[in-house]
1. Just going by the charge dipole of the protein assembly as shown, with Lys and Arg at +1 and Asp and Glu at -1 on Cβ, which of A:40, B:15, A:59 is farthest out on the positive end?
2. Averaged over peptide B:90-98, how many Cβ atoms belonging to another chain are found within 10 Å of each residue's Cβ?
3. Report, please, the projected area of chain B averaged over directions, based on the convex hull of its C-alpha atoms, in nm².
4. Does anything in segment B:196-229 have its amide N under 18 Å from the 7 Å Cα→Cβ label point of residue A:37, and if so which residues?
5. Can you put B:204, A:25 in order of accessible area, largest first, using a 1.4 Å probe?
6. Given charges of +1 on the Cβ of Lys and Arg and -1 on the Cβ of Asp and Glu, with all other atoms neutral, how large is the dipole of the protein assembly as shown about its Cα centre, in debye to the nearest 20?
7. Could you tell me what % of all Cα pairs in chain A have separations over 22 Å?
8. Looking at segment A:60-105, which chymotrypsin sites (Phe, Trp or Tyr not before Pro) are in a loop (DSSP not H, G, I, E or B) and have at most 14 other Cβ atoms within 10 Å?
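The values are calculated or read from the model by the stated rules, or taken from the named source; none is laboratory data. Only a predicted model underlies this, so the values are computations on that prediction, with no experimental measurement involved. Backbone-built Cβ (ideal geometry, glycine too); neighbour counts: all protein chains shown. To get the accessible areas, we keep the full protein, side chains included, count just its heavy atoms, and leave off ligands, DNA and RNA. Shrake-Rupley method; radii C 1.70, N 1.55, O 1.52, S 1.80 Å.
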Amino acid sequence: MNWLDMVRVGIMALVTFLLRLLPFIAFRNKQIPKYVEYLGNVLPFSVMAMLVVYCLKSVNFLSAGHGIPELISVVIVAALHIWKKNTVLSVVLGTVCYMILIRIM
Amino acid sequence: MHKLKIVLRNTMPVMAGYIVLGTGFGLLLNEKGYGFFWSLAMSLFIYAGALQYVGVSLLSSSASLITVAITSLVINARHLFYGITMIGHYKDAGAKKPYLIHALTDETYSLVCTGEVPEGFSKHEYFFLVSLFDQIYWVTGSIIGSLIGSLITADMTGLEFSMTALFVTVVVEQWIKEKNHIPVLIGFAASIVSLLIFGADNFIIPDMIGIIILLSIFRKPVEEGRKKS
């Protein structure tokens with residue numbers, strides 16, 4: 001633990017902020033090109049799918065559980081959400097279900 | 001008061017996950033000999049969950065500065081996409097804008113990316129409060145982890161699934177509202193193929209490139225489909 005660790009934290013903070021900032025400065029004071037506007041409009045749909053896969057990336061279908069707790073819980077969250085459209089309810093019940101399943105499977 | 005209640009309700013799904021994951025982070029960092037000050041500083045200034053977890057080992061292994069920079073770049077490259085979506089929504093946010101940009105995590109993005117604002121709020125006021133509440137949850141968790149994490153004996157394994165569940169609910173909502181499903185299908189296809197080819201640790205950047213290429217190829221049908229709905 002020393003001053004170099006502070007530099008490391010600083011680099012992590014700076015790189016992360018620059019990545020978040022870059023799109024905003026790239027199109028500052030300019031008309032946003034139609035193509036970028038298009039990407040901005042449709043990216044949320046692709047990105048949410050990407051984040052779901054990102055969260056499940058470490059599921060190992062060959063080890064204990066075989067990804068079945070994840071699969072069942074995701075289906076329950078989706079079904080509950082289609083039915084009740086209540087985010088808190090879907091998240092809480094899905095998570096409880098997952099926590100039970102990984103303990104019994 | 002009423003307004004804060006609405007923000008609290010809408011950020012509730014993030015609260016549980018952030019407090020638990022933040023606690024896990026603080027605890028891990030503490031075990032490596034980095035106390036309260038370090039977890040507070042990292043959660044305030046880096047504020048990116050996955051990188052902070054990896055950051056624990058970057059610090060404890062005294063990784064080279066170039067390794068730290070490249071690791072940060074690779075793990076957080078996906079944040080480039082969030083900015084592209086929010087250029088329009090965060091336009092003219094004035095003094096709030098730097099913070100809105102700093103606080104644009106995966107979870108906050110999932111709550112603001114539609115650009116929808118509840119009644120009674122000005123646009124940027126709502127985005128700002130959501131961003132601030134989310135970071136408060138994360139920082140609170142980190143502090144708990146640093147100070148009393150080792151006293152928590154309850155087995156919380158699996159609580160991190162709440163983040164997965166949150167993203168699933170957003171996908172479901174988007175699927176119901178939006179008639180054109182090409183972008184979400186592109187997201188799943190590119191991510192799964194990329195994951196199978198490049199593996200869990202390296203798939204995000206090829207995935208992002210794949211998504212951009214596919215969205216560009218399918219621009220015509222996507223835009224025409226969106227006009228109809």
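1. Checking the options against the dipole of the protein assembly as shown, the answer is A:40.
2. 1
3. The directionally averaged projection comes out at 14.7 nm².
4. Only B:216, B:219-229 fall inside the zone, counting backbone N under 18 Å.
5. The residues order as A:25, B:204, largest area first.
6. About 900 debye.
7. Cα-Cα pairs of chain A separated by over 22 Å account for 59 percent.
8. Sites meeting the loop and neighbour criteria: A:61.
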